[in-house]
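Derivation of every value follows stated rules applied to the coordinates shown; laboratory data play no part. Computed from a predicted structure; not experimentally measured. Here the Cβ positions follow ideal geometry from the backbone for every residue, glycine too, while neighbour counts run over all protein chains shown.
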């Protein structure tokens, strides 16, 4: 299944050829395309313990090198497992970009995986986000800027377009109200901090009822911590968001910006993916439902 008009063709035969040419030690292992709603990469399970991940789009091609460089440096500081690349492959066999082999993590993403205790999950997620924000690398290291928009204003036109497109699926007045509230919030005044910037339900892994890992660091970099508030509306409920917010000690402006970023992501993703990627469209719809559930705005 393709999600974008400008994707490259990726199939099992191509991945087998790439492995045989570049990593023959793994080329005889069973290879199975994984069911994934990831929008930037195609994922294959390789044997029992490995995964192969290949960018679908030119815009995602730089993610492999970024993860190779930075994830080994971030991993020791984080309380959950993250997928540091084991090997990076070169363009070959007609495939135009770098690709990588990673460890395979047991569990399911939080879209389909069962979380036994959302309150505990809220604390686990807050601990991860806080650990990201506290990372200080060795002197001389220059962290990459997060590729996400760091200003809500940049997204304004697309948000209003999406609100109009989704009339009948969402409450447009409530969406506009939340969006305007976010636009009025103060911008981040502190220094940029490390953020994952894509902490929706598809990027938290769950095993035996508990969050065990975080995946897909294609947007990782330094920027506004509000982006990592995304988790609060992607997985949590009204009754457990306060646990997450309290554990992180999030100020009103950052919370409002975070809700605005989550709202914009949901609004823009839902019409784009509703036909091609219904699982991810469901993630977007769930975020919108949680954000717009309380018309009085939960500040």
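Among 67, 108, a tally of other beta-carbon atoms within 10 Å of each Cβ gives an order, fewest to most, of 108, 67. Computed from Cα atoms, the angle from the helix 278-292 axis to the main principal axis of the chain rounds to 20 degrees. Here each label is just a point 7 Å from Cα along the line to Cβ, and for residue 32 and residue 183 those points are 4.9 nm apart. Ordered by the count of other Cβ atoms within 10 Å of each Cβ, fewest first, 259, 53 give 53, 259. Taking each DSSP H run with n ≥ 4 as -39500 (n - 2.57) and averaging over every residue of the chain yields -12000 deg cm²/dmol at 222 nm. Based on C-alpha pairs under 8 angstrom that are at least 6 apart in sequence, the range 12-104 has a relative contact order of 26 percent.
Full extension of the chain between residue 157 and residue 246 gives 28.8 nm of extra length, using 0.36 nm per residue less the Cα-Cα distance.
The ellipsoid equivalent to the alpha-carbon distribution of the range 143-299 has semi-axes of 21, 19, 16 angstrom, derived from the gyration tensor eigenvalues as √(5λ) and listed largest first.
The angle between the Cα long axis of helix 63-74 and the main principal axis of the chain comes to about 80°, on a 0 to 90 degree scale.
For the chain, a Gaussian network of Cα nodes joined below 10 Å ranks 81, 247, 20 by mean-square fluctuation, and the top entry is 20. Extending 7 Å from Cα along the Cβ direction at residue 142 and again at residue 75 yields two label points whose distance is 2.6 nm.
Arranged from fewest to most other beta-carbon atoms within 10 Å of their beta carbon, 124, 142 become 142, 124.
From the alpha carbon gyration tensor of the chain, can you work out the equivalent ellipsoid semi-axes (sqrt of 5 times each eigenvalue) and give them in Å, largest to smallest?
On the way: eigenvalues 204, 94, 68 Å².
Computed over the chain, the values are 32, 22, 19 Å.
Pairing the Cα long axis of helix 172-183 with the longest principal axis of the chain, what angle in degrees results, from 0 to 90 and rounded to the nearest 10? The answer is roughly 90 degrees. On the basis of the beta-carbon distance and an R0 of 35 Å, residue 210 and residue 20 show a calculated FRET efficiency of 0.40. GNM on the chain, alpha-carbon springs under 10 angstrom: the most fluctuating residue among 141, 61, 126 is 141.
Cα centroids of the range 39-77 and the range 141-219: 21 Å apart.
Taking the Cβ-Cβ separation of residue 87 and residue 276 as r and a Förster radius of 35 Å, what is the calculated FRET efficiency to the nearest 0.05?
Working: r = 30 Å, r/R0 = 0.87.
Taking R0 as 35 Å, the efficiency between residue 87 and residue 276 is 0.70.
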